[in-house]
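Worksheet: the structure to be examined is printed underneath.
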Amino acid sequence: MKLLIVEDEPNLLSILRKGFAENNNEVSVALDGKTALEMIHNYNFDVVVLDVMLPDINGIEICRRLRASKNFVPILLLTALGTSENIVTGLNSGADDYLVKPFKFGELDARVNALHRRAHQETDKIDVITIGDLEINGRAKTVKRDGESIILTAKEFKLLYYLGKNAGRIVSRDQILDNVWDINFDMNTNVVDVYITYLRKKVDKPFKTKLIHTMKGLGYVIKP
């Protein structure tokens, strides 16, 4: 698993990092909410272990922001606040599970594994887009071309998935900004063109046939 641990208490963070790493997980860490949101925005994690009490943006607000932006990475909240009201608030914010401190690492590990299994079981309800030899799995957030795995950042994947859902249809830069970035950008920004370039380097350049096409004055289209 690729895990993100968001925790600002050094001793607990060290224990969690060591325990998960010893179980053959790939562990990343964030010490505050702002860093956590940036990392989740830019990378695909299998599970996020998230402390509620953080020095800037608390865990509850992080959950709300992620769910509002349609990011459904599995989240387990860690907190010393164990009343039923606290648990209800945490779960209603979008968390998938909740563990009260102090806890035994074995229980935390089991809960994280359960979240991971559940997420992967949902990928059996396949959401796969196929364009020529390109395969985009919307549930698993994976991309393959000619059987070869392609590693994308979270934003690159979201852009490719949007193009794939509209395969054969021209989408404008404004449409891409509205559907991929979910915020009001200055429409003169070149962020779309920059990310299209990133995608082409990974999805098109290593292969003979190009799939991502520029339609001058109109936008972009992905097609065989």
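For region 73-91: of the residues being modelled with pLDDT under 90 and in contact with a helix residue (DSSP H, G or I) (Cβ under 8 Å, 6 or more places away or on another chain), which is surrounded by the fewest Cβ atoms within 10 Å (Cβ to Cβ)?
Ranking the candidates gives 89 first.
Counting only residues that are over 30 Å from residue 161 (Cα atoms) and touching a strand residue (DSSP E or B) at 6+ places or on another chain (Cβ under 7 Å), give me the strands (runs of 3 or more DSSP E) lying completely in region 1-103 with at least 1 of them.
Details: elements: 2-6, 26-30, 47-51, 75-79, 97-100.
Passing ranges, in order: 47-51, 75-79, 97-100.
Filtering region 143-165 down to residues that are among the hydrophobic types (A, V, I, L, M, F, W, C) and open to solvent by less than 60 Å² (accessible area, probe 1.4 Å), which residue is farthest from residue 222 (Cα to Cα)?
To start, the set of residues in region 143-165 that are among the hydrophobic types (A, V, I, L, M, F, W, C) comprises 143, 150-152, 154, 157, 159-160, 163.
Still in the list and also open to solvent by less than 60 Å² (accessible area, probe 1.4 Å): 143, 150, 152, 154, 157, 159-160, 163.
Working: 143: 14, 150: 17, 152: 17, 154: 19, 157: 14, 159: 11, 160: 9, 163: 6 Å.
The selected residue is 154.
Across region 41-70, which residue is surrounded by the most Cβ atoms within 10 Å (Cβ to Cβ) among those that are farther than 18 Å from residue 10 by Cα and in contact (Cβ under 8 Å) with a residue 60 or more places away in the chain?
Taking the candidates together, the pick is 47.
Can you tell me how many residues within region 51-92 are of a type in the set (Ser, Thr, Tyr), more than 17 Å from the chain's Cα centre (by Cα) and under 26 Å from residue 138 (Cα atoms)?
Here is the first cut: in region 51-92, the residues of a type in the set (Ser, Thr, Tyr) are 69, 79, 83-84, 89.
Still in the list and also more than 17 Å from the chain's Cα centre (by Cα): 79, 83-84, 89.
Imposing the further condition that a residue be under 26 Å from residue 138 (Cα atoms) reduces the set to none.
Count: 0.
Among the residues of region 24-40, write down those that are exposed (fewer than 15 other Cβ atoms within 10 Å of the Cβ) and either under 14 Å from the mean Cα position of the chain (by Cα) or polar (S, T, N, Q) (or both).
24, 38
Among (1) modelled with pLDDT of 90 or more; (2) surrounded by 15 or more Cβ atoms within 10 Å (Cβ to Cβ), which single condition is residue 18 missing?
It is condition (2) that residue 18 fails.
The values are calculated or read from the model by the stated rules, or taken from the named source; none is laboratory data. Worth saying up front: this structure is predicted, and the values here are computed from it rather than measured. Don't worry about glycine lacking a Cβ; one is built from the backbone with ideal geometry, like all the others, and counts go over all protein chains shown. Just so you know, the surface numbers come from the protein's heavy atoms only, side chains and all, with ligands and any DNA or RNA stripped out. Shrake-Rupley method; radii C 1.70, N 1.55, O 1.52, S 1.80 Å.
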